[in-house]
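> The structure is given below, and queries will be raised subsequently.
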Amino acid sequence: MTVKISHTADVQNFFNEVAGVDNDQGNRRFKQIILRIIQDTARLIEDLEISDDEFWKAVDYLNRMGTNQEAGLLVAGLGIEHFLDLLQDAKDAQAGLTGGTPRTIEGPLYVAGAPLSEGEARMDDGTDPGTVMFLHGRVVDAQGAPVAGATVDVWHASTQGTYSYFDSSQSPYNLRRRILTDAQGCYRARSIVPCGYGCPPSGTTQEVLNQLGRHGQRPAHIHFFISAPGYRHLTTQINFEGDQYLWDDFAYATRDGLVGRLDFIDDAQASKARGLDGKPFADLQFSFQLQDAQDASATERSQRPRALQER
């Protein structure tokens, strides 16, 4: 017979003491969250009859996950980051906020402070032998009018599936740029076609996914922050038509309206016109539609901690 004591007055009083509910110090909101975590953990232990061995194995896992800095990867793999998008979608629907380019997850690999340019930028440092990609599009408002001066903050992986800053072999801010749209709301970038990638095979996230019978692969994709005064900040990313993992992304980031088409062009004349000496290249056009901001806070991205490249 399962013994359950978490609901008893003595244990609840103990949890209140642990969470600092009974004192006037500290942060009330933080106490509320910690108390709920403690209470739900106790119920989980009781309801699923978690053994001591299972409990301490979980504690060891958390230690190793922190050492590997894979918490951001795990919350994506367990669908929690996608759930946050679904929850915000539901809140928007309830408030009557519709339209615009869909949001999707940020992921854990953004680095703040990328070089800023007007209208266009070259994103790669020329060392990756991948296929040259020309990325371009417009930022428009809810009525389709151009949004001039919008910041298109864009980043993506190399052909090895790695990101600068986190991959020390790449130069600072390689494949990362911020571009201000021109008077027509247009942005343009030259880069390389990114590659999909997977969780580190021996990492703590893949360790969990293995137990769930799931892979840890992502389709090739490009991340974006789009922001402009008076408009809601947009966090999104686009994946590519035809990718093996397009609708089987371990991070659940693929959404309708966020699939782009890479056009591979093998035309010597067109290539030379682009300054590529006759080599094939890829072209990707993708535009973004912003919603009006309901208040000033909506124009800002979340205060999530992010990496900052040392110059």
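Here, each number is a calculation from the coordinates, and none is a lab measurement. Please read these numbers as outputs of a predicted model, since none were measured by experiment. Every residue, glycine as well, gets a Cβ built from its backbone with ideal geometry; the counts of neighbours run over all protein chains shown.
> What fraction of the DSSP beta bridges in the chain is antiparallel, stated in percent and rounded to the nearest 5?
In the chain, approximately 65 percent of DSSP beta bridges are antiparallel ones.
> Highest GNM mean-square fluctuation, the chain, Cα pairs closer than 10 Å: which of 34, 238, 192?
34
> Same structure, new question: Over what distance in Å are the Cα centres of region 72-102 and region 192-215 separated?
Using only Cα atoms to place each centre, the spacing works out to 22 Å.
> Looking at [x] -0.36, -1.04; [y] -0.39, -1.16; [z] -0.32, -1.04, which value of log10 I(q)/I(0) by the Debye sum over Cα atoms at q = 0.07, 0.13 Å⁻¹ comes from a calculation on the structure shown?
Identified label for the calculated read-out: [x].
> Using only DSSP helix segments of four residues or longer, with each worth -39500 (n - 2.57), what per-residue ellipticity at 222 nm results for the chain after dividing by its residue count and rounding to 500?
-8500 deg cm²/dmol
> Also: So, by mean Cβ neighbours within 10 angstrom, what's the order for 146-159, 205-218 with the highest one leading?
Per-residue Cβ counts within 10 Å, averaged per peptide and sorted highest first, yield 146-159, 205-218.
> Between 226, 179, 33, find the one with the highest GNM mean-square fluctuation for the chain; connect C-alpha pairs within less than 10 Å.
33
> So, in nm, how far is label residue 298 from label residue 116 when the simple model puts each one 7 Å beyond its Cα toward the Cβ?
With each label point 7 Å from Cα toward Cβ, the separation is 2.4 nm.
> Hey, another quick one. Quick one: go through region 133-165 and flag any residue whose amide nitrogen is under 16 Å from the point 7 Å out along the Cα-to-Cβ line of residue 309.
Within reach of a label on residue 309: 152-159, 162-165.
> Hand me the chymotrypsin sites (Phe, Trp or Tyr not before Pro) from region 15-92 located in a DSSP loop with no more than 16 other Cβ atoms within 10 Å, in residue order please.
none
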